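As structure tokens, the structure follows; a few thoughts come after it.
The values are calculated or read from the model by the stated rules, or taken from the named source; none is laboratory data. Quick caveat, the model's predicted, so the values are computed rather than measured. As a convention, Cβ positions derive from the backbone with ideal geometry for all residues, glycine included, and neighbour counts pool all protein chains shown.
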């Protein structure tokens, strides 16, 4: 990693102070150069992390079938505009205003998904919903132990997210049409503005 210049934009939370934005460049083999940002407001302590692409990329969908334990170590990049889908578990994690980006692996995605299911169980209104939530937790645990095959899908209208095994033949990557991309939830407007600012400075 190499440090990049700092950017400054208005805090989207208090709208009274400038965000201190520190960026670090991160090169991902077979993908592109990414800029990892840590954003902090000195006034209200708002913080946010995101990943911007250092180059324009088309919207895309990445699909990987995990059918052996080794594939749990496959690198995953998820930006603040990326949607994570685990159809075998009936789970969709779509970006909201506070969506955080991360670089992890498939196992890390499952670990980050587990608390989402636990929260859903706590707020479940019926015993059947709680039972279903607990069943999904058991499935996730089996998947993390390599005992349950499953599919991971990541969609990103900004094209920043991706699933990146060393052998790219293991993953299906397709470019989404404008119509398909428009159906996805993307990053909040202030993130788009920061990305545009970054792109203009790089250009």
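For the reader, a short list of remarks on this structure follows.
- With respect to the conditions (1) under 18 Å from residue 101 (Cβ atoms); (2) modelled with pLDDT under 80, residue 2 falls short on a single one, namely (1).
- From the options 26, 30, residue that is on the phi > 0 side of the Ramachandran plot and at pLDDT below 85: 30
- For region 64-84, a residue qualifies if it is within 14 Å of the chain's Cα centre (by Cα) and either within 24 Å of residue 177 (Cβ to Cβ) or modelled with pLDDT under 90 (or both), and the qualifying residues are 76, 77, 78, 79, 80, 81, 82, 83, 84.
- Test: residue in region 102-117 that is in contact (Cβ under 8 Å) with a residue 60 or more places away in the chain, within 23 Å of residue 46 (Cα to Cα) and part of a loop (DSSP other than H, G, I, E, B): no
- For first residues located in region 85-101 and at positive phi and modelled with pLDDT of 80 or more, partners that are surrounded by fewer than 18 Cβ atoms within 10 Å (Cβ to Cβ) and outside any loop (DSSP other than H, G, I, E, B) and lie 6+ apart or on another chain with Cβ distances below 9 Å form the pairs 90/132.
- Checked against (1) at pLDDT 90 or above; (2) within 29 Å of residue 14 (Cβ to Cβ), residue 148 passes all but condition (2).
- Checked against (1) at pLDDT 85 or above; (2) surrounded by fewer than 23 Cβ atoms within 10 Å (Cβ to Cβ), residue 160 passes all but a single condition, namely (2).
- Subset of region 54-85 [out of contact with any strand residue (DSSP E or B) (no Cβ under 6 Å at 6 or more places or on another chain) and not in a loop (DSSP other than H, G, I, E, B)]: 69, 70, 71, 72
- Being assigned to a helix (DSSP H, G or I), at pLDDT 95 or above and over 21 Å from residue 69 (Cβ atoms) holds for only one residue in 131, 141, and it is 131.
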